[in-house]
1. Could you tell me whether ILE94 is touching a residue at least 24 places away in the same chain (Cβ under 8 Å) and over 25 Å from the mean Cα position of the chain (by Cα)?
2. Considering each of ALA533, ALA570, ALA621, ALA599 in turn, give the residue that is within 30 Å of LEU301 (Cα to Cα), buried (at least 19 other Cβ atoms within 10 Å of the Cβ) and out of contact with any His (no Cβ under 6 Å at 6 or more places or on another chain).
3. Would you check which residues across region 93-129 are part of a strand (DSSP E or B) and hydrophobic (A, V, I, L, M, F, W, C) and list them?
4. Taking the condition farther than 25 Å from ASP716 by Cα and crowded, with 19+ Cβ neighbours inside 10 Å, does HIS506 pass?
5. Return only the number of the condition from (1) in a loop (DSSP other than H, G, I, E, B); (2) without any contact (Cβ under 8 Å) to a residue 24 or more places away in the chain that PRO202 does not satisfy.
6. Filter region 212-233 down to residues that are over 24 Å from the mean Cα position of the chain (by Cα) and not in a loop (DSSP other than H, G, I, E, B) and give me whichever is farthest from ILE336 (Cα to Cα).
7. With the structure loaded, tell me whether VAL607 is more than 17 Å from the chain's Cα centre (by Cα) and closer than 30 Å to VAL191 by Cα or whether it fails that test.
8. Could you grab me the full set of residues in region 670-714 that are of a type in the set (Gly, Ala, Ser) and under 23 Å from MET294 (Cα atoms)?
Amino acid sequence: MRPARRDFLRRSGALVVSFALFPAARAQQPGGHEGDGLPGSLRTTPFLDSWIRIDASGAITVCTGKAELGQGIKTALLQVAAEELRVPFERLAIVTADTHATANEGFTAGSRSMQDSGTAIRNAAAQVRELIEAEAARRWNTGVDGVHSDAGFAIAADGRRAAYGELAAGLSLHVQAKPASRFVDPREYRVVNRPIPRVDIPGKVAGDVAYVHDLRLPGMLHARVVRPPSYGAKLVALDARTVESRPGVVKVIRDGDFVAVVAEREWTAVKAMRALAETAKWQESARLPDAASMPQVVLGLKSEDTVIHDKRAAVPAGARTFEATYTRPYQIHGSIGPACAVAHLQDGALTVWTHTQGVYPDRQAIAQLLGMPNEKVRLIHAEGAGCYGHNAADDAAGDASLIAAHLPGRPIRVQWMREQEHAWEPFGPAMVARVRAAMDANGRIVDWDYGVWSNTHSMRPGPAGNLLAGQHSAKAFQPAPPKPLPQPEGGGDRNAIPLYAIPSAHVVNHFIPEMPLRISALRALGAYLNVFAIESFMDELAAAAGADPVEFRLRHLEDARGRDVIELAASRFGWKPGVRAAAGRGRGFAFARYKNLAAYCAIACEVDVDAESGRARLVRAVAAVDSGQVVNPDGLRNQIEGAILQSASWTLYEAVSFDAARVRSIDWATYPILRFGAVPETVEVHIVDRPGMPFLGSGEAGQGPTAAAIANAVADAVGRRVRDIPLKAARLRATRG
């Protein structure tokens, strides 16, 4: 009963018609007060039928405003619902982010899907089960305590049973959720904490319609956009007539500095785009900073400084002081499939299929771009080939929508080219962290002073000016003013406050409004650099204290769950104080609790550094993670494994290159990433299970610890510290010299 994507896309209109029977159950805007005191996303969307829908046939649909990004969220949410409803997993279907069918849960970001949507669905499913049982008790004139649920039936003590569909036909699930639910006892779990195969995988393996890139609609046209050569470039001349007269070309569209070509076939559109780009004349004005001196540039930009942690205590006399500076460059998402979207304007209503991570915010931006009411614009999430953050998905949706407005009645498919993706997607910001600490004679940290310099880490839509189509169109919408993301989660200052017990600590966020390059959210936001800096410095302090790095961390950590993951990772790795790796190899360790409020993760690793080339390779990684109640252990391992590989790629290889005028890292040769030949020999992930505990986000828990563990292992291998990401071969050769 779980529909394939092709079937869902074909039948989505019928599904939405049935959902529209409950108009008030549709998403409330975030910030409302109807659900105050309710858990998870029930706070903003408190009605049960916004999450769980049962029809007369007994078909059960789970609805979520979160998007499947490859993190396995469809499977995990279905498991949660199946467990609390007491129905087989296979009986459930799921509808993900759709502005006409699901709750407005904002962005799928920050490792919050289980905390927000999973919590809402768990509570809604439990309360729907209670309503079903109460209806059965009413019909049978028996006490509700004498009714239980199993396999989609309410069952009385005397054996009478009624199917959920039959009972739901006499019920309205359009009732507001309660703050507390009667959950299934974790000791009775049948579906949760089981390695259920992911429902999004079969179509991808079989070559079915798995991604938005695969979507083909009747009468669909293909479009390509001609991008400016650099930021701020203005189009001064364009010979459109020659290209428009080509066979198969439907139209050349120019709207200010936005230029696109539309054709009957995709390859025709690609060739026409290249020909059109040859005729375009641009006036360039970009003045980018020196890429080689970005740390100094970042430190020199005007900042708005905020103290985010201030705990003062006297520093003992004679304490030794240490300090260091750590940096990261601009980095890209590196999505294997370039951004893509399909838009269809028909009868005054626009439908967009997109791999945006926020269908409601992107709808707002597109509606503003086209001057349409929000309710006339529908965004349906369809998976994209790689993201975790704000890549070019929203921009592609804006492109397709603007083109569709020029050609109503025909679906328009837009796919970016690789060089466009690399040059124009929003990057992860360049950052600098400076840390100074004092340590007493007993090897304990007694004072800590930390500062981080960073742009914002979110320029997502919302406003039309946050879309390239909005910036380049004749109307030229302005981007929203950049703002820091508030603590306790933070943006550039995410994880900047150490979790360790330090008697005196001072942490400052130096927020930089000016953005030399286009930036936005990249997986883990500022936590990647901050954990890299803190955990690298912890190793440096451990060395100065003559202490083992693992013991040194435990010496300063009071959080029992944090200690558990550190000890588990060290044990499974075989970490022994004083034991060195083989010649040319090094061991490293790191730990963090993501955002200081989500999943705990500790990583031990071994690297090999080639003596001749200086190239470092991650050989082995062992991780331990505590994410509260585990829903799908394989899915959790997938997340941490993926985090380790992605972070290894960032840490060892990745950096955007640019000159004074243009971004130059526009392909995989100029922006190298981790290749199959450099994948670690082994990656192990060990789980600390916490039955019945709240879900803790885990999708971004591993990036920072991986970076620091690799850097610590490299320092162990070569005998000197490299504090600037990426740890490229040239830097390591220079260090050895």
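1. So ILE94 fails the test.
2. Answer to the selection: ALA533.
3. If the condition is that a residue be part of a strand (DSSP E or B) and hydrophobic (A, V, I, L, M, F, W, C), then ALA93, ILE94, VAL95 are the ones that fit.
4. No; evaluated as a whole, the condition is false for this residue.
5. So the condition that PRO202 fails would be (1).
6. The qualifying residue farthest from ILE336 (Cα to Cα) is LEU221.
7. In short, no.
8. GLY704, ALA707, ALA708, ALA711
The values are calculated or read from the model by the stated rules, or taken from the named source; none is laboratory data. For clarity, every value in this text was computed on a predicted model and none was experimentally measured. Cβ sites come from the backbone with ideal geometry, for glycine too, and all protein chains shown count toward neighbours.
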